[in-house]
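Visitor: Let me give you the structure first, and then I'll get to my questions.
The values are calculated or read from the model by the stated rules, or taken from the named source; none is laboratory data. All values derive from a computational prediction rather than experimental measurement. Neighbour counts run over all protein chains shown; Cβ positions are idealised from the backbone, glycine included.
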Amino acid sequence: MEINMQTPDVLMGLAFGIPASAGDDVGQENGHRWDPMDCDKKAPPPARKALRMECDFSYLPDHDEDAHFCHARAGVVGVADGVGGCRGDGVDAAEFSRGLMANAYNAVAAASSSGICPYTLLEMAYQKTVASTRTPAASTALVLSLAGRALRWAYVGDSTFAVFRGGRLLLRALRQQHYFNCPFQLRAVGGDRVQDAALGEFPVEEGDVVVAGTDGLFDNVFDAKLEEIVQMCTALSLTPGKMAQAIGRLAYDMAMSSRESPFSAASREQQGTNFTGGKMDDITVIVAFIVS
């Protein structure tokens with residue numbers, strides 16, 4: 001079974017020594033937006049060479065409210081982040097995120113074909129989760145799917161992803177938030193809707209690296225530093241799992257530090273605070289290699 005909520009051994013043998021500094025955490029979505037109503041009818045683009053995913057993850061829990069899945073055979077990954085503001089009064093803030101990812105994974109595992117529509121999958125997972133629980137908890141959510149030579153996505157909130165080619169950042173999905181530190185979020189009653197999801201697709205090639213994660217990653221690691229560590233891990237021929245562990249360790253070290261982070265930079269710019277340093281949070285990192 002490819003869904004796993006446990007923490008793998010963190011990659012300890014590599015001392016990257018990458019300092020944290022201000023970076024360009026303002027990447028653009030350069031993919032082609034598509035209509036979710038046509039998603040299941042849209043044939044994958046013709047492939048010159050068949051592509052598939054090799055994927056693995058790293059999970060470093062803080063409050064243990066993230067959830068995820070990796071299904072390499074179907075070429076689908078997902079990640080969700082239980083909203084911490086829902087904690088208290090006996091509420092399990094992880095209940096909705098875990099329900100979303102478990103229902104999505106089960107649907108992918110039962111599917112008879114590849115090229116799964118991420119919007120349809122997210123909508124189905126949401127409906128099943130709502131039907132099975134009335135929890136007041138909420139969650140962000142991201143689903144990525146490889147269809148032919150296209151990477152397709154649907155996400156709500158600040159669990160996002162980036163694509164690297166030749167070690168260079170090629171595409172960075174922008175987070176959805178109502179205001180600073182308040183992402184779009186799905187919940188059983190109220191909240192944002194799956195129809196509010198950011199949708200798109202992007203042509204990928206053999207050798208591309210996709211890094212997806214919760215805000216525990218992207219709040220703590222600038223794009224430039226993420227690019228550097230992907231380059232280093234690629235040069236060392238690390239597996240997706242080892243690369244995910246290295247990225248997760250970098251995010252964790254940044255969360256524990258007093259150095260500049262994307263979160264502290266945004267806090268000053270948008271809130272006028274004097275805050276510096278990282279943000280302690282659950283850190284989920286999924287790394288997918290696009291291979292032939």
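Visitor: What number of residues in the stretch 157-181 are touching a residue at least 12 places away in the same chain (Cβ under 8 Å), in a strand (DSSP E or B) and under 16 Å from residue 81 (Cβ atoms)?
Guide: Final tally of qualifying residues: 3.
Visitor: Which members of the stretch 131-180 meet the condition of being among the polar types (S, T, N, Q) and in contact with a helix residue (DSSP H, G or I) (Cβ under 9 Å, 6 or more places away or on another chain)?
Guide: If we filter the stretch 131-180 for residues that are among the polar types (S, T, N, Q), which is where we start, we get 132-133, 135, 139-140, 145, 159-160, 176-177.
132, 133, 135, 139, 140, 145, 159, 160, 176, listed by residue number.
Visitor: Got a sec? Which of 214, 135, 129 is of a type in the set (S, T, N, Q) and under 25 Å from residue 270 (Cα atoms)? If you could, list the steps in order and put the result at the bottom.
Guide: Working: 135 fails: under 25 Å from residue 270 (Cα atoms); 129 fails: under 25 Å from residue 270 (Cα atoms).
214 is the lone residue from the list that is of a type in the set (S, T, N, Q) and under 25 Å from residue 270 (Cα atoms).
Visitor: Within the stretch 62-97, track down each residue that is of a type in the set (Asp, Glu) and either assigned to a loop (DSSP other than H, G, I, E, B) or without any contact (Cβ under 8 Å) to a residue 60 or more places away in the chain (or both). Let's see the steps before the verdict.
Guide: First, the residues of the stretch 62-97 that are of a type in the set (Asp, Glu): 62, 64-66, 81, 89, 92, 95.
If the condition is that a residue be of a type in the set (Asp, Glu) and either assigned to a loop (DSSP other than H, G, I, E, B) or without any contact (Cβ under 8 Å) to a residue 60 or more places away in the chain (or both), then 62, 64, 65, 89, 92, 95 are the ones that fit.
Visitor: Then there's this: Give the stretch 265-292 a look and list any residue that's more than 18 Å from residue 217 (Cβ to Cβ) and either buried (at least 18 other Cβ atoms within 10 Å of the Cβ) or of a type in the set (D, E, K, R) (or both), or say none.
Guide: 268, 269, 290
Visitor: To continue, here is another question. Considering only the stretch 140-162, how many residues are over 11 Å from the mean Cα position of the chain (by Cα) and surrounded by 24 or more Cβ atoms within 10 Å (Cβ to Cβ)? Can you show your working first?
Guide: The initial filter retains those residues of the stretch 140-162 that are over 11 Å from the mean Cα position of the chain (by Cα), namely 145-152.
If we keep only those that are surrounded by 24 or more Cβ atoms within 10 Å (Cβ to Cβ) too, we end up with 145-146, 151-152.
Counting residues in the stretch 140-162 that are over 11 Å from the mean Cα position of the chain (by Cα) and surrounded by 24 or more Cβ atoms within 10 Å (Cβ to Cβ) gives 4.
Visitor: If I filter the stretch 105-127 for residues that are over 22 Å from residue 291 (Cβ atoms), of a type in the set (D, E, K, R), in contact (Cβ under 8 Å) with a residue 24 or more places away in the chain and part of a helix (DSSP H, G or I), do I get at least one hit?
Guide: yes
Visitor: Please work out if residue 227 is modelled with pLDDT under 95 and outside any loop (DSSP other than H, G, I, E, B). Show your work before the answer.
Guide: Numbers: modelled with pLDDT under 95: no; outside any loop (DSSP other than H, G, I, E, B): yes.
The answer is no for residue 227.
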